[in-house]
Each structure stands twice: as C-alpha cells, then as structure tokens.
1. With a 1.4 Å probe and all protein chains left in place, how much accessible area per residue does the chain have, in Å²?
2. What FRET efficiency do you get for residue 5 and residue 199 if R0 is 22 Å and r is their Cβ-Cβ distance, rounded to the nearest 0.05?
3. Cα axis of helix 185-197 to longest principal axis of the chain: angle in degrees, 0 to 90, nearest 10?
4. Calculate, in nm to one decimal, what residue 209 and residue 127 gain on full extension: separation in residues at 0.36 nm each, minus their alpha carbon distance.
5. Straight-line reach from residue 153: which lysines fall under 23 Å, measuring Cα to Cα and dropping same-chain residues less than 8 apart?
6. Students often get this wrong: which residues of the stretch 1-26 have the backbone nitrogen under 17 Å from the point 7 angstrom along Cα-to-C-beta of residue 53?
7. May I ask for the Rg/Rh ratio of the chain, computed from Cα atoms with Rh as the Kirkwood radius, given to two decimals?
8. Would you tell me the accessible area of residue 112, worked out with a 1.4 angstrom probe on the heavy atoms of the protein chains, in Å² to the nearest 10?
Amino acid sequence: LAFPTIQAIAALDLRLVGERELAHTLQLVSKTGNPSDIERIYANSFHHALCEEHLSKAFPKATVLHVRSATMAADLAAEHHGAAAIVPGGTTTPQELRVVMDNISDEGELRIRYGIVSKMPMSRTGNDATAVLFSVHDKPGALHDVLQAFKEKSCNLRRIQSRALPGEGWEYVFYVEVSGHITDRPLVSALEGVKQKARTLKIVGSFPLDTIEPSVPSSTGPR
C-alpha cells in the first residue's frame, strides 16, 4: 500500500477493509532476449528503484528511461531492437518479447501489500488494525503530542509514514496503522485525544490482519 494509494482512498471517502500480501518478482524483457543487445531500459520509477543496483552492474552502459507504467515500458521495448523493459513476473506482454533475466530485484523476491476497499466499513474480528491519516499544527512537539494520545491508551502503532502535502511547502500528512478496531474502547479514546491535538484527522478504515499479532502482556495486571 503506497502512500498515494492511501490518500486516494481517503479522498474518495472509501474504507480500507482488508489487506493482502503477495510475492512478486521483476523480469527484464526484450525483443531478442539477448543481454548484449540492450542499449536502453524502460521502467517505471518504482520498479527501477527496486533493481537499480542490479541493473548498474549488469548493464552499466544502458540508459534507463522512466515511463508511467510497466505496460508502457513493455510496449516501447517491443518497438525497438536495442530496448528492454522491467515488468513484474507473470505480466502479459507483447508476444515478441522474451525474458532476458528473471528476478532482477536487488532484494530478491518482493512482497507487495494490497488493500481492499469498500463503501461500507468492516466489522470487528478481534484481530484488526485501523488506518489513520492526520496532520499536525506547526509548533514544537506537535507530532509527539499526537502520538502520545495513542501511548496513553496503550494502543500499539504498527506503522507510521509521512509525506509532504502537494503545494503546502513543508506541511506533512502522517499515515499510522494502529492495532485494534475503530470500535475498540481504547482506540476510541485514543482517537478522541488525537482529534484534540491534530490539525486534521481522517479514519481510512479498520481491517482484519492476515496474521495474528502476538498479544502484549498488560503492565497493570488483571483488573
């Protein structure tokens, strides 16, 4: 789930209701299938970043040209004898393209997380996470104050990312995934605290986890 995807879900007023993590590999394909023919490589910027080191060693003289998508990269590679494209394994490409190299990612096999969205929220399963977008006021300690609201209610933060807002200078929006469902009492209380401290707050959705998280023993003991 890339940050722009999360923002798009929130902007469309949809709910994130599920996640799926799938294994992927990246392939280098060309018309001839011969590595020595490759003079330029078409790829989207994301795929290029994932195999930049591998390409620089295997094809130090080749020029990498960024395009919008893997499909466009494959179409362009099919038009030129000295061109190649980076595409995910299993992608449908023009028939004249052949695999030059398989699994070219610098980290080997990739695992990409996909989100499932719906207009309706997902009910509680007991093994959930909640996705939240928020921005903070421009003052010292603003982010700390927001995160403190989660800590005070013992809400575990599974993931936190930030991204600059387009056209807003150095203003940032933060994405947080916190253990628990939006209806869980501790999380309800935590988000009330976040709402008081944050500049903006958007609940992207609650969703069941693919794997069960280990429980964290309470420091206060049984009540």
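1. Details: 13140 Å² over 223 residues.
On a per-residue basis, the chain sits at 59 Å².
2. Values: r = 22 Å, r/R0 = 1.01.
My answer for the efficiency is 0.50.
3. 80 degrees
4. Working: separation 82, 0.36 × 82 = 29.52 nm, distance 0.61 nm.
Here the answer is 28.9 nm.
5. Counting by Cα, and skipping residues close in sequence, residue 153 has these lysines nearby: 195, 197, 202.
6. Hits in the stretch 1-26 for residue 53 at 17 Å: 26.
7. Details: Rg = 22.1 Å, Rh = 20.2 Å.
In the chain, Rg relative to Rh is 1.09.
8. Approximately 50 Å² for this residue.
The values are calculated or read from the model by the stated rules, or taken from the named source; none is laboratory data. Just so you know, these numbers come straight off a predicted model, no measurement behind them. Here the Cβ is made from the backbone with ideal geometry for all residues, glycine too, and neighbour counts use every protein chain on show. All accessible areas refer to the heavy atoms of the entire protein, side chains included, with ligands and DNA or RNA removed. Shrake-Rupley method; radii C 1.70, N 1.55, O 1.52, S 1.80 Å.
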